[in-house]
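Laboratory data are not the source of any read-out in this text; all were calculated from the coordinates shown. All figures in this text were calculated on a predicted structure; none of them were measured in a lab. Heads up, the Cβs are rebuilt from the backbone with ideal geometry, glycines too, and the neighbour counts pull from every protein chain shown.
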């Protein structure tokens, strides 16, 4: 795996996994995009105000039979408040996002384009679409702004960027989420987990 030098402070950077495309320099906090030719400045990392957190960057989590290492932490504001997205890798390799909003916890997996939901027209609150042989209902639509970034991510994020998002849920409680910005699209599937079922270990140590 290739190492990089921060163009702001010169510190050496070693991405945790090959999939990392951006990170914040652990020495100076500058946000960087990682490219074949090296690291380049990506802008401000924002201010991550201290709030009560279930877990944080560098922690190991055990949720049910899964173990996760928290590699990245992004915070988004949506007017009424904020929520946190944690970019994680499972112990056996697959990447996941763990979202925490007012104590509610969701484990999400990004969908490939071939597996995106297909529907006619536009989405609106209360509309149902069929996905994976189940009916999903739109339960939330809003806009959000990225306000702070820490750690590493598998695709570029920028503080100040604004996104539209939509959340749908089926009768079993499964979540289907879309994020949109111009022509940019991302879709995720997710499951809710009880926050009391999230076991947190200290940073740098996997659960036993």
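With 0.36 nm allotted per residue and the present C-alpha distance subtracted, the residue 116-residue 200 stretch has 27.0 nm of extension available. Dividing the radius of gyration of the alpha carbons in segment 124-208 by their Kirkwood radius gives 1.04 for Rg/Rh. Is the shape of segment 1-111 rounded, prolate or oblate, going by the alpha carbon gyration tensor and its root eigenvalues a ≥ b ≥ c, with a/c under 1.5 for rounded and a/b larger than b/c for prolate? Here segment 1-111 falls in the oblate category. If the chain linking residue 77 and residue 27 were pulled fully straight, counting 0.36 nm for each residue of separation and taking away their Cα-Cα distance, it would gain 15.4 nm.
Once the chain from residue 53 to residue 2 is taken as fully extended at 0.36 nm per residue, the excess over their C-alpha distance is 15.1 nm.
Treating each Cα of the chain as one equal point scatterer and applying the Debye formula with no solvent, the log10 of I(q)/I(0) at q = 0.10, 0.12, 0.16 Å⁻¹ comes out as -0.45, -0.65, -1.15.
Applying 1/(1 + (r/R0)^6) with r as the Cβ-Cβ distance of residue 133 and residue 193 and R0 = 30 angstrom yields a FRET efficiency of 0.85.
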